[in-house]
Structures are given as C-alpha cells and as structure tokens.
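Undergrad: Before we start, here is the structure in question, set down as structure tokens.
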Amino acid sequence: MSSLLPISTTLSAFPSTTTQLAFKARTNQTQGFRVSCNHAQDEQNDNKIILPESQKLVLPNVDRRNLLVGLGSLYTAVNLPAAMAAPITSPDITSICKDANSGIGDIVGAVRTRKCCPPSLGKTIKPFVFPTETTVRKRWPAHAGTKKQVDDYRRAIQAMRDLPDDHPHSFVSQAKIHCAYCNGGYTQVDSGFPEIDIQIHNSWLFFPFHRWYLYFYERILGKLINEPSFALPFWKWDDPAGMPMPEMFVAETVDGQPNSLYDVYRDSRHLPPAIVDLDFDGKDKNIPDQQQRACNLATVYRDLVRNGGDTLSFFGGEYVAGDQPVANGAKSVGSVEAGSHTAVHRWVGDTNQPNNEDMGNFYSAGYDPVFYCHHANVDRTWKLWKDLGLPGHVEPTSPDWLNASYVFYDENQELVRVYNKDCVDIGKLKYTFLENSKEVFPWRKSRPARRSKTDQVASTGDVPTVDQLKFPVSLENILKVRVKRPAVNRSKEDKATANEILLVNGIKFDSDKFVKFDVFVNDKVKDGVFTTPCDPEYAGGFAQIPHNDMKKMSMSSAGRFGLTELLEDTNTEGEEYATVTLVPRVGCEDLTIGEISIKLIPLA
C-alpha cells in the first residue's frame, strides 16, 4: 500500500460561538409577517404560501411569485425568507455593472484588471432563440485533434485577440465575463436585492451558467473565421491519454508565429508530460504516473457516481433571489465543482503570481485559453452523468432553477437572456461531444477496490460521537468523530430508493485563500497501511478557490459525500456508527465545521 497520505488520529475540537445569517431590513420598517411553505404533492399547490391561522384574515394563500411582484417596495426592502424565493435573474449587464470586488486577495499585485464590465452598444435585451441550422458542432478531445481542428482553433482565438478590447467579442471582453459573474460584477437588483451580489459558483447555477458561457463563446469563434461547424476542444482529463495539459497550449510560438493558445501565467511544473492531479491540494504528490492516472480515474468515478448520486449532490445546493452568495451556510458545492473542476484550476494556475493567476483565480481564469478547454470537459461531465441513467441522475425541477437567467452577447452582438431550462438538452443547442462509440469510459470501471479484511482492525470506542462535541469545531488539526447512521444493512431495494449521504455543513473559513480538506470514512486499516485518495475509505475532498472581498472575511459552504458504496467497499455496512475523519490539507488554520450528520436522501 502507498504511504502517500498518512492519517494520524490527533483530535482537535474546541467550542466557539455559532454565528447565523440574520435577515436584514433595508428600511425603517419594523413590522413584517411570517410565512411557511407547504410542499404539496400536486403541481398546482407547489408554490403556495401557507400562512399561520392568525394571519389568514390579513393575507390569504397566494402564489409566492405573484406575491413577490405585488409586494413592490416591501420586496426590495426586506431580505425575505426562503418561502418567498425566486430565480436568480441577471440584470442588464451593460448598464448595471460594477468593478469586480471579490476573490482578489492582492489587489496591488493583480496582473489582470478588475474592470470586468462588458461594453455597451446601446442595445436592449432580446429573448433567446434556439439555433435553426442543421449543422451540429462536434466538440473534440484536445489531445487527439486533427491538424485542421487545431489550426482552426488557433486561428479563431487569434481573430478574437485581434479585436479591440472594447469589442464584445474580443478576447479580453470574453475573459471578463467570468470575472463579472464570479467576482461581484453584478447584483440581484432585478430580483429586488440590489445590495446582494450574484455568484454562479458553489451552487446549482454552476453547470448551467458555464454551459451558456461556452455556447456563445464557441459560436462567436466560429463566426470570426466563418466556420459554421466550428467546435471547441475539451481537455479529456477523464481519459489516461488526455490527462496531461494538451500540447497545443504549451508552445509560445508555432511556425515562427505567436501561439494564440499560449498563456504566460501557468505553473511551469505542470506542463506536459506531467499528469494532472484531479485531487490537487496545492502540493505535488510525486507519485508514479501510473498511480496518478489510477487516482484520477477514481476521482472522476467519485465525482460522477458516488458523490453525485442525487440532483443537489451533483449540481450543488439551491441558490435563489435574496440569498447571500457566500454567507449562507446551507449551501453545498456540487461534486464535480468541488472535486476535479477546482483541482484543475489550481493545478494550472501560476503559484508564483500573487493571486495564482490565471487559472488559479476566478477573476483571471478566462484569460487562459485552457480555461475554456477545461470547462468544455466539465460541461461534458454533466452529459456523462445524465447518460449513466442511474436513479437520482436528473436535473433540478424547481422553478427557481429552471427560470434562473443570465445575459450574454451572442455571435451577432445582440444581448440575449437565457434560462437554465433551455440548456438542459444540448441537442437543441446544436452541439455534441465526439466519443469513441466502442469506448468504455475507463473511469466507469474505477470504483475503488474493496478493502481486504486482513488489512483492517476492529473499530475502537475511544473516538467521540458528534453529540459529545460542541460545534462549531476547529479543523486546524485532524478531526475524527463517530456519526450515527439512520439505518444499517439496507437491502438492495432500499439502496435503490435512497442514497446514504454524509453531510458536512456550516463549513466556515477565510475566503482569501485556497482551502482544501479531505474526508475519510471508516478508515480502520492496520498500522503501516496508509489510506490514499485511491482507496475506498476516501469519501472525497472539499476545495474552494478564493472568494474574498479584498479583505479577510468568513465564507460558509457545505459538502455532501456518498456513503452507500463506500460502506460496502470498507466492509462496514452493518455498523451503527460511521467514523468520519476530516484531514486539513491547505488553508484550514481558521476553518470550522458547524455540523456533521448522515442522512438518507430519496432518489427521484
């Protein structure tokens, strides 16, 4: 067994004061009303607000969205509770935009601008219209592109670079899109909350926003070189052959000319033939390539199957109008976003730069062409996840997700509003991904091998249970705790209807730095046998790119980790308690955990 990541049993837990997000009135209004939401089974009643008996004479049951519209000034004056939720709505991005003010820890040393607002052409926002052409754009694996595909891609990016910076299709303007949506350029003003920023990471907006972003980026590039069938490459890091950074991005010049795909701000240690680490924690593991490939495949399997077993575990937690983008501890980050997605960002970013530019920080990531290639594969993981056809692998059905919207410049320089609901079927968007029809995805067969019972020892009783700790607890050192399970020895039928999920809630940490901790469950190996991310005891990692507001501030999030297969593979399905070990890797000096629990999550 590898001694890659030894775990000690040091326990550090100290009591602290729990802080909670309070509703903040923005006027002098001193009297309000309370509502609760009844989750009725029928679609007609799903959005009704059910009021306490004492209030029914004042305000009858009404549709919550109609009420939001009717409340007028009250809606904009008070941060209403979740029962009053509505979809996140991006404003007119050319008229209501501010300099990026979050996620950039070292403003003085920043190598990219914070002025991320798009140019204004004086146009009004139009509704999105699905493409009508018959041609389907076929995205291709970056490590196996034809000469024409690579040449066209370089030519298109160069054409984008040649445009004036203030052109909506320019390379700089396209890079700024990510900065504006991810680093505080827009607020929820169109939803009635002008003081609250929009943040498309760490929630169920992550996948659909980036899908739309690439959709327009791809079509703009194709129009610039007059290639109707132009398609983006994807960095196929879920395939051993595609795990190094694609070669076309590496050289500074090609045939004596500048390589439009080159970016100076990358970690020089991670250029080909280095194998990407999909569980990167800021430190190179220096393990053999064969082992790194195997660990990567196990990570992809974990992201798409084990930890992505239900809608919110894969997409991320609900995020609706009125929610603070980083301060709501109920939010959870999706399995791919927290896993392989964040690892690649950090692995590529230049650690010699003050903010880990370009890929290592959201405000600058769009300046590296690798970003779009990486996210094309992130987008592909959504399709792969859905195509598995497993119970629970369905998109959100809440109107708050379906009707969330963003505004982009399209390939014709028109402003269009797009909705999550319209990007679910990529066939309607006229693009797909080239796959080997005979291929069996290698990660699909990378479920960690079952732990040999001869390598295990009996459970010990000296580990405290969650009710013996006073939360929040520190993660400055390794935290080990026993958590009571809702059921044991579940049948196959039971497992087909509900996933057993480990919930780590109220994760609070300094948002001005990269943070990562790992989660192990029922790690009962003998002395001298060490557990690694390739092993069945590894539940997954929690990782975050900086999200600070130019000063040290606390950010809250949550993690969800699938246990159904893990318990089988660690021979612990029959145990009443699961032993959970949280291992700090980087940036956890001030991190605290608010709650640890295990629940059964019904599958759709």
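Undergrad: I need the full set of residues from segment 567-579 which are closer than 15 Å to Asp535 by Cα and either in contact with a strand residue (DSSP E or B) (Cβ under 6 Å, 6 or more places away or on another chain) or open to solvent by 20 Å² or more (accessible area, probe 1.4 Å) (or both), in order please.
TA: Here is the first cut: in segment 567-579, the ones closer than 15 Å to Asp535 by Cα are 567-572.
Hits for segment 567-579 are Glu568, Asn571.
Undergrad: Mind checking which residues of segment 585-604 are surrounded by fewer than 17 Cβ atoms within 10 Å (Cβ to Cβ) and part of a loop (DSSP other than H, G, I, E, B)?
TA: Quick first cut of segment 585-604, residues surrounded by fewer than 17 Cβ atoms within 10 Å (Cβ to Cβ) only: 586, 589-590, 595, 597, 599, 602, 604.
Correct list: Glu589, Asp590, Ala604.
Undergrad: Restricting attention to segment 175-183, does a residue exist that is open to solvent by 50 Å² or more (accessible area, probe 1.4 Å) and charged (D, E, K, R)? So that I can check it myself, show each step before the final result.
TA: Taking segment 175-183 first, the residues open to solvent by 50 Å² or more (accessible area, probe 1.4 Å) are none.
No - not one qualifying residue is present in segment 175-183.
Undergrad: Would a scan of segment 150-157 turn up a residue that is in contact with an Asp or Glu (Cβ under 7 Å, 6 or more places away or on another chain) and either among the acidic types (Asp, Glu) or part of a helix (DSSP H, G or I) (or both)? Break it down into steps so the answer makes sense when it comes.
TA: Residues of segment 150-157 that are in contact with an Asp or Glu (Cβ under 7 Å, 6 or more places away or on another chain), as a first pass: 152.
Narrowing further to those that are either among the acidic types (Asp, Glu) or part of a helix (DSSP H, G or I) (or both): 152.
So far as segment 150-157 goes, yes, one or more of its residues are in contact with an Asp or Glu (Cβ under 7 Å, 6 or more places away or on another chain) and either among the acidic types (Asp, Glu) or part of a helix (DSSP H, G or I) (or both).
Undergrad: Turning to a different aspect of this structure: Of the numbered conditions (1) at pLDDT below 95; (2) buried (at least 24 other Cβ atoms within 10 Å of the Cβ); (3) of a type outside the set (D, E, K, R), Phe314 fails exactly one; give the number of that condition.
TA: Here Phe314 meets the rest and fails (1).
Undergrad: So which residues in segment 331-347 are β-branched (Val, Ile, Thr) and either under 8 Å from the mean Cα position of the chain (by Cα) or not in a helix (DSSP H, G or I) (or both), if there are any at all? Let's see the steps before the verdict.
TA: Initial filter on segment 331-347 (β-branched (Val, Ile, Thr)): 333, 336, 342, 344.
Passing the criteria: Val333, Val336, Thr342.
Undergrad: State whether the residues of segment 412-426 include one that is outside the structural domain of Trp212 (by the TED database), open to solvent by 80 Å² or more (accessible area, probe 1.4 Å) and under 27 Å from the mean Cα position of the chain (by Cα). Please lay out each step first, then the result.
TA: Going residue by residue through segment 412-426, those that are outside the structural domain of Trp212 (by the TED database) are none.
Looking for residues that are outside the structural domain of Trp212 (by the TED database), open to solvent by 80 Å² or more (accessible area, probe 1.4 Å) and under 27 Å from the mean Cα position of the chain (by Cα), one finds none in segment 412-426, hence no.
Undergrad: From the list Leu221, Leu278, which one is in a helix (DSSP H, G or I) and modelled with pLDDT of 95 or more?
TA: Details: Leu278 fails: in a helix (DSSP H, G or I).
Within the list Leu221, Leu278, the selection yields Leu221.
Undergrad: Which condition from (1) more than 16 Å from Gly242 (Cβ to Cβ); (2) at pLDDT 95 or above; (3) open to solvent by less than 10 Å² (accessible area, probe 1.4 Å) is the one that Asn296 breaks?
TA: Failed condition: (1).
Undergrad: Would you please name the residue that is most open to solvent (accessible area, probe 1.4 Å), looking only at residues in segment 427-465 that are over 23 Å from Val378 (Cβ atoms) and touching a Pro at 6+ places or on another chain (Cβ under 8 Å)? Spell out the reasoning first.
TA: First, the residues of segment 427-465 that are over 23 Å from Val378 (Cβ atoms): 438, 449-465.
Filter again for touching a Pro at 6+ places or on another chain (Cβ under 8 Å), leaving 449-451.
Details: Ala449: 74, Arg450: 150, Arg451: 17 Å².
Selected residue: Arg450.
Undergrad: How many of the residues making up segment 379-390 are crowded, with 16+ Cβ neighbours inside 10 Å and assigned to a loop (DSSP other than H, G, I, E, B)?
TA: Qualifying residue count for the region: 1.
Undergrad: Out of (1) closer than 28 Å to Phe249 by Cβ; (2) open to solvent by less than 50 Å² (accessible area, probe 1.4 Å); (3) charged (D, E, K, R), the odd one out for Asp92 is which?
TA: Asp92 satisfies every listed condition except (1).
Undergrad: To continue, here is another question. Would it be correct to say that Ile107 is open to solvent by 10 Å² or more (accessible area, probe 1.4 Å), in a helix (DSSP H, G or I) and in contact (Cβ under 8 Å) with a residue 60 or more places away in the chain? Walk me through it before giving the result.
TA: Details: open to solvent by 10 Å² or more (accessible area, probe 1.4 Å): yes; in a helix (DSSP H, G or I): no; in contact (Cβ under 8 Å) with a residue 60 or more places away in the chain: yes.
Here the answer is no, as Ile107 does not meet what is asked.
Undergrad: Do any residues in segment 297-316 that are within 15 Å of Leu388 (Cβ to Cβ) have Cβ atoms under 6 Å from those of residues that are modelled with pLDDT under 95 and of a type in the set (Phe, Trp, Tyr), where the two are at least six apart or on different chains, and which pairs are they?
TA: Within 6 Å, no pair qualifies.
Undergrad: Here is a list: Glu247, Glu227, Glu252. Which entry is of a type outside the set (S, T, N, Q), free of Cβ contacts under 8 Å to residues at least 40 places away in the same chain and surrounded by fewer than 22 Cβ atoms within 10 Å (Cβ to Cβ)?
TA: Numbers: Glu247 fails: free of Cβ contacts under 8 Å to residues at least 40 places away in the same chain; Glu227 fails: free of Cβ contacts under 8 Å to residues at least 40 places away in the same chain.
Checking each option against the conditions leaves just Glu252.
The values are calculated or read from the model by the stated rules, or taken from the named source; none is laboratory data. Since the model is a prediction, treat every value here as computed from it, not as a measurement. Glycine gets a Cβ as well: all are built from the backbone with ideal geometry, and neighbour counts include every protein chain shown. Calculation scope for accessible area: heavy atoms of the full protein, side chains included, ligands and nucleic acids excluded. Shrake-Rupley method; radii C 1.70, N 1.55, O 1.52, S 1.80 Å.
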